[in-house]
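The block underneath contains the structure these notes are about, expressed in structure tokens.
The values are calculated or read from the model by the stated rules, or taken from the named source; none is laboratory data. Computed from a prediction, not measured in an experiment: that's the story for all the values here. Backbone-built Cβ (ideal geometry, glycine too); neighbour counts: all protein chains shown. Heavy atoms of the whole protein, side chains included, go into the accessibility calculation; ligands, DNA and RNA do not. Shrake-Rupley method; radii C 1.70, N 1.55, O 1.52, S 1.80 Å.
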Amino acid sequence: MHIVLYAIRKSKGWLFEISLDLRIDLIWWTSEKRRDERAQKIICISSVIPLGWAIQCQQYLELDHRADCWSPTEWKQYIEKWLYNRIRNYNHSHIQYSEIQSVIPIEQIQLLWDDKLGKTEDIPFLLSTIEEKQNEGTQYPLSSTWKKQVMLGAITLAKMMTGRSLLATEYIMMMTDQQVDNIQEWKTYTQLAYLTQSLRLLTGVHIDPILGYQCQRCGSHTMNHTPCASCGSSACAYCETCLNLGRSRECTLLIQSVYVASSRTTPFSTIDIPIHTEHIQTKWGLSDAQTEATTSALHFLIGSANRLNPKAMLSKYLFATSFLYFIKNKKKFPRTSYFTHKRFLLWAVTGAGKTEMTFPLIDSVLKNAGKVLVATPRRDVVLELAPRMAKAFPTTTMAVLYGGSEDRWQEADLTIATTHQLLRFSQAFDLVILDELDAFPFHNDPMLAYAANRCCKSDGAFVYLSATPPTALQKEIKRGTLAHAKVPARFHGHPLPVPKYISMPTVNNALKKKQLAHTLLKQLRYSVTRQAQIFVFVSRIALIESLVELLQSYFPQLSIAGTSSQDVERANKVLLFREQQIRILVTTTILERGVTIPYSDVYILDADSGLFDAASLVQMAGRAGRSKEDPKGLVIFASKQWTIEQKKAVAQIKLMNRIAKRKGYLHLSKSTDIR
């Protein structure tokens, strides 16, 4: 995309600006109302310069008073030389000087405004663009009616864009879907919103003096360079990381809303104090363990007991002092995104009712005119959460966002979204709840971490939900730099089923011999006898079909099926499994989360596989014992070897049971074993 680049002389010196509609800029900078900001001179530089290059000039090119008397040739030579040297520093495609020369035509370098001359016939361009001409058929009908229309259009777009970050194609799509009046004038409206600092005009890929190329949508530094038909550059950079969401280029316009943090109140500072625990527990039907954790999170949000202890303050100091070292040595570090907001972790065992624990937090923010985002990794979890949230908050406007969602432009107080949808927001939410942040695709994805950080307001807060927090967060807890609450018991008050280990050959071996190990078969028959729904987890998709056939030979009376991430019928099979029309479901870790079956037993075959770490083993084990009708579901780790990861998983489950017992959260019988 091309944009107009112009230079403006003000009392403090020269600066460069960009414009989608130069008429608006001329009206803006020459207004008598601007006083100290009023332009002394305005000089057009180019209307055919690529967006990325124009923004480089706007942000980094400096001029001194000598430019006051430059000729067009001097302007051209100075800017071309600066651009050429700067781009060559970052672009290894050996860009030609002639490319720079072609985007700054000398005939376009002209004086648009001189405050000393005013509106005279010596400035024909000014007369043709600024003066209100009432003559019929004028090319620029800049009447008072037109100005009012532009003002209303700018206000409409700024409001529509609140909290959003969109590429130009998405921006136009939003306006089309929302049926904006006179959409053909979108550049004019957008330019006024930009000058009033309601919107930012950025480039999809930016060249930072320190960080180099960076995508301003996803934060990635992974770039490719190709010839671009849009801007004419022989080596226009584009981001490879977020390519599937639309191409973010060096010449792509990115429009962002502008958020100004309030110095007075936030939704957290107006939460009712004191917090009435009994009221929360009664209103939302929470258990003692859930209520204690939720109350801790509420206290944290209002800046109470868990705000920032001395260790956390030291952590922020160390972050600030080490930032320059990180920048200088960034290649030594893995790509990541540093969270600087208030953060709280709800570390709750599988089946603890994490969603219900967030209801009081969401309610408190919504009551105080705040906006809330609940982000989760997968589309099916979003669809499962939506009706529960709608039931809990029936009078709240809600948007449900995933690929192809009809709510994508809806303004809402409560938003439920897949994590990839966060890339289209900026400074939008007071409270961001990240569910299953240890799960794919969020875990170890710097792009989504960057998006999550950006979508939260600067004075907002994060609440993390996880049964198996990443190691990095667990280390922060030990250092005392991350506020948290542990929920070691499920809502029904029974301990977590502790996995049992059985030794057996590999699944591959069983399939070759067409025979299940006796130890495994014995346990399966027990599960069938007790009428349980049976999860059978395997490490690879390739094993599923053959294992289903083998199991069918042993249990011909049962309905047995297999599913995976590649199965288009997965959702339907899970539904049939819930309804007990399928009794044994062979699957991969795709179903390790978000699926609750009342009467279920879990078998993890090849549990010693390197593809199963302790966290995934805990998650898979968590499918059993989730209902109060069947809290003692069976969990089997079946493998050739008893590995460290299996031991860690069992140790974590037992630890949570001990904590729950110590705090009095369990309904124990004499036969209960929580060691």
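What the table below lists for this structure:
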read-out	value
Residues being open to solvent by 20 Å² or more (accessible area, probe 1.4 Å) and touching a strand residue (DSSP E or B) at 6+ places or on another chain (Cβ under 6 Å) - total across the stretch 506-526	2
Selected residue [in contact with a Cys (Cβ under 8 Å, 6 or more places away or on another chain) and either modelled with pLDDT under 85 or of a type in the set (A, V, I, L, M, F, W, C) (or both)] from Leu63, Leu112, Leu142, Leu117	Leu112
Residue in the stretch 19-39 that is out of contact with any strand residue (DSSP E or B) (no Cβ under 9 Å at 6 or more places or on another chain) and over 27 Å from Thr188 (Cα atoms) present	no
Conditions (1) at pLDDT below 90; (2) among the polar types (S, T, N, Q); (3) more than 33 Å from the chain's Cα centre (by Cα); (4) open to solvent by 60 Å² or more (accessible area, probe 1.4 Å); number of the one not met by Thr596	(3)
Among the residues listed as Gly493, Gly460, the single one being open to solvent by less than 10 Å² (accessible area, probe 1.4 Å), of a type in the set (Gly, Ala, Ser) and either in a loop (DSSP other than H, G, I, E, B) or over 25 Å from Ala293 (Cβ atoms) (or both)	Gly493
Of all residues making up the stretch 414-446, the number that are open to solvent by 10 Å² or more (accessible area, probe 1.4 Å), of a type outside the set (Asp, Glu) and either modelled with pLDDT under 90 or not in a loop (DSSP other than H, G, I, E, B) (or both)	12
Any chance Ala638 is out of contact with any Cys (no Cβ under 8 Å at 6 or more places or on another chain), within 20 Å of Leu543 (Cα to Cα) and not in a loop (DSSP other than H, G, I, E, B)	yes
Residue within the stretch 192-201 that is open to solvent by less than 10 Å² (accessible area, probe 1.4 Å) and modelled with pLDDT under 90 present	no
Residue within the stretch 570-587 that is assigned to a helix (DSSP H, G or I), touching a residue at least 40 places away in the same chain (Cβ under 8 Å) and in contact with a Gly (Cβ under 8 Å, 6 or more places away or on another chain) present	no
Some residue of the stretch 612-623 being among the polar types (S, T, N, Q), in contact with a helix residue (DSSP H, G or I) (Cβ under 7 Å, 6 or more places away or on another chain) and at pLDDT below 90	no
Residue pairs meeting the criteria (Cβ under 6 Å; at least 6 apart or on separate chains; first under 23 Å from Arg424 (Cα atoms) and outside any strand (DSSP E or B), in the stretch 221-248; second modelled with pLDDT of 90 or more and open to solvent by 60 Å² or more (accessible area, probe 1.4 Å))	Thr222/Glu240
Cross-chain or 6+ apart pairs with Cβ under 9 Å, the stretch 467-486 first and part of a loop (DSSP other than H, G, I, E, B), then β-branched (Val, Ile, Thr)	Ala467/Val349; Ala467/Thr350; Ala467/Val618; Thr468/Thr350; Thr468/Val618; Pro469/Ile477
Residues being open to solvent by 60 Å² or more (accessible area, probe 1.4 Å), part of a helix (DSSP H, G or I) and of a type in the set (Asp, Glu) - total across the stretch 58-86	1
Test: residue in the stretch 194-209 that is assigned to a helix (DSSP H, G or I) and out of contact with any Lys or Arg (no Cβ under 9 Å at 6 or more places or on another chain)	yes
Selected residue (criterion: surrounded by the most Cβ atoms within 10 Å (Cβ to Cβ)) from residues of the stretch 1-57 that are polar (S, T, N, Q) and part of a strand (DSSP E or B)	Ser46
Failed item in (1) modelled with pLDDT of 95 or more; (2) open to solvent by 40 Å² or more (accessible area, probe 1.4 Å); (3) within 16 Å of the chain's Cα centre (by Cα), with Arg378 passing the rest	(1)
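A quick yes/no check of all residues on (1) touching a strand residue (DSSP E or B) at 6+ places or on another chain (Cβ under 8 Å); (2) assigned to a helix (DSSP H, G or I); (3) free of Cβ contacts under 8 Å to residues at least 40 places away in the same chain:
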{"site": "Pro497", "(1), (2), (3)": "yes, no, no"}
{"site": "Tyr501", "(1), (2), (3)": "yes, no, no"}
{"site": "Gln531", "(1), (2), (3)": "no, no, no"}
{"site": "Val548", "(1), (2), (3)": "yes, yes, yes"}
{"site": "Gln557", "(1), (2), (3)": "no, no, yes"}
